[in-house]
Structures are given as structure tokens and as C-alpha cells.
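> What follows is a structure written as C-alpha cells; I'll ask about it next.
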Amino acid sequence: MTDVGFAILLTIGAGLATGIGSCIALFAKQTSKKFLSFSLGFSAGVMIYISFMELLHSARLDLAEEMGSVMADTLVVSLFFGGITIAALIDKIVPKVENPHEIRGVEQMENVTPEMKQKLSRMGIITAIAIGIHNFPEGIATFMSAIESPEVGVAIAIAIAIHNIPEGIAVSVPIYIATGSRKKAFWYSFLSGLAEPVGAIVAYLILTPFITPVLMSGTFAVVAGIMIYISFDELLPAARAYGEHHISIYGLITGMVIMAVSLIALA
């Protein structure tokens, strides 16, 4: 399999993890908040460690060879905060109904009135659109990382897949409550994750023909900024929202430790 094919498969797997979240919401009798708290913390730990210890570090070293240390440092810092700005702007423009990581299990939503069903249906659709928009740059990040380093790409894909699970729950629960259809709820959730491989295909068609060491290194710095924003703005607040502060921190540390050991072992 080519590097491109492998990278696209990774983004497909990461994106369609929303379907796993949908299945958990629709068929589990009880949503485990402790598990989700740990998982979101774990995902954030992986993203934060990779961003600071791998992506930014690699970007700086590669750019320093091309343009010297001072210019490389300036460019990496600028692109890193540029990535944060991109993620913040996406967050600003997408429609917001509720936090897509705020888990609301089916077991918590009984005795829903017709008016509430109408509102929930709209909420689920808008949440699916918002998640799709958020997933698009994540697909680009996974694809570009995997092209340069399959090991790093796999780690990022796993982290994104984990954080897509509660997004799938957030889409499917209101749709199911509003329509009574598990099939419809699953497909809305499933489709919201397709934005990840779409992002990968766009990156392949637009960016790969122009890939140079400088472009790849710059992309790494931007990706690091995007992932840091996602971690601090979405994952960690959501992980703590379940009332298990220490569990989310244990997940965060576990993600960092596993990522550190993996990168050392694969070096």
C-alpha cells in the first residue's frame, strides 16, 4: 500500500469513529462517564505530547537546515499560533447549539414533549454540521502527518478517533430521541465523521503536488497549533465536565507516557 493510501485509510478510520459513539449511545444501557473522561484526557495527552515533542521539534530542525535557526524559530512560532488562530476561527463561525463533547445519554432523555423533539432534531442536525466542519482540518492534520511519518500519523489518528466517539454520541442521541429511528441517528453521526477523509482528499489534491521540506515542516507547525487548541478548548474541559477531575488527569498523563514510550521505541 502506498503512503498516500495508508494515510487516507487512517483518516477514514479516525473519522468514522463517530459511528462507534453512535452505537454506544444507541445500544448501551448506561453511558460510562468515567470511561469517557479518561478517554478524552488520554486523547488530549497524546495530542499535546505529539504537538510539542514531535511536530514542533521536527518542524524547527528541518526548517533550520533550510533557512537558519533564527528564521526557522520565527516561522515555526508564527505558523504554530496561526494554526491556533485557524482552529479558533472555525470554532467562531460554526453554528453552536451545545458542546458536542457534552455527553447526554439516551437514558437521561425520557418524557420528551413534541416541541422538545422538534428542537432536538434541529440540535442534532446542527451539531452534525458543526462536527463535520471541525473534522475537516483534523483530516488534513492526520493525512499530512501520516505522509511524513506513519508512526506519528497512527498516533494522531488514534487520538482523534477517541475524541470523535463522544461527538458521535452528541449527534445521535438528539436525532434518536426526536425521530425514534436508530438507523437515522446512526447515519447522521456516521456522515459527520466523513469530513475527516474529505479533508485528507483535499490535502492530497491541493497540497501534495507542492510538497517540499519547507511546506511539510510548516504544515507540521500549523497542525500542532490546531491540535493544541482542540486539546485545551474541547477535550480537557469536556473530560473534566463529567465530575471526575482526577480520572481525566490520569488519562492525560497516560496518553503522554504511552506516546513518549512509543516515539522512543520507534526512533
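> Could you tell me which of the residues Ile140, Ile147, Ile158, Ile169 is modelled with pLDDT under 80 and assigned to a helix (DSSP H, G or I)?
On the way: Ile140 fails: modelled with pLDDT under 80; Ile147 fails: modelled with pLDDT under 80; Ile158 fails: modelled with pLDDT under 80.
Exactly one of Ile140, Ile147, Ile158, Ile169 is modelled with pLDDT under 80 and assigned to a helix (DSSP H, G or I), namely Ile169.
> Show me the helices (runs of 4 or more DSSP H) found entirely inside region 1-85 where at least 2 residues are closer than 21 Å to Pro150 by Cβ.
Working: elements: 3-15, 17-27, 33-50, 56-67.
Those helices (runs of 4 or more DSSP H) span 3-15, 33-50, 56-67.
> Also, quick follow-up: Looking at region 50-75 only, could you name the residues that are touching a residue at least 60 places away in the same chain (Cβ under 8 Å) and either small (Gly, Ala, Ser) or surrounded by 24 or more Cβ atoms within 10 Å (Cβ to Cβ) (or both)?
Ile50, Ser51, Leu55, Ser58, Ala59, Leu63
The rows are residues; the columns are (1) among the hydrophobic types (A, V, I, L, M, F, W, C); (2) touching a helix residue (DSSP H, G or I) at 6+ places or on another chain (Cβ under 6 Å).
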site: Ala170; (1), (2): yes, yes
site: Val222; (1), (2): yes, yes
site: Gly225; (1), (2): no, yes
site: Phe232; (1), (2): yes, no
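> Shifting gears a bit: Within region 215-260, which residues are hydrophobic (A, V, I, L, M, F, W, C), over 28 Å from Lys33 (Cβ atoms) and out of contact with any Asp or Glu (no Cβ under 9 Å at 6 or more places or on another chain)? Let's see the steps before the verdict.
So in region 215-260, the residues hydrophobic (A, V, I, L, M, F, W, C) come out as 215-216, 220-224, 226-228, 230, 232, 235-236, 238-239, 241, 247, 249, 252-253, 256-260.
After this cut, where a residue has to be over 28 Å from Lys33 (Cβ atoms) as well, the list is 215-216, 220-224.
Within region 215-260, Leu215, Ala221, Val222, Val223 meet the criteria.
> Please go through region 172-212 and give me each residue that is without any contact (Cβ under 8 Å) to a residue 24 or more places away in the chain and outside any helix (DSSP H, G or I), ordered by number.
If the condition is that a residue be without any contact (Cβ under 8 Å) to a residue 24 or more places away in the chain and outside any helix (DSSP H, G or I), then Gly180, Ser181, Thr212 are the ones that fit.
The values are calculated or read from the model by the stated rules, or taken from the named source; none is laboratory data. Not measured: the values here are computed from a predicted model. Positions of Cβ are backbone-derived with ideal geometry, glycine not excepted, and every protein chain shown enters the neighbour counts.
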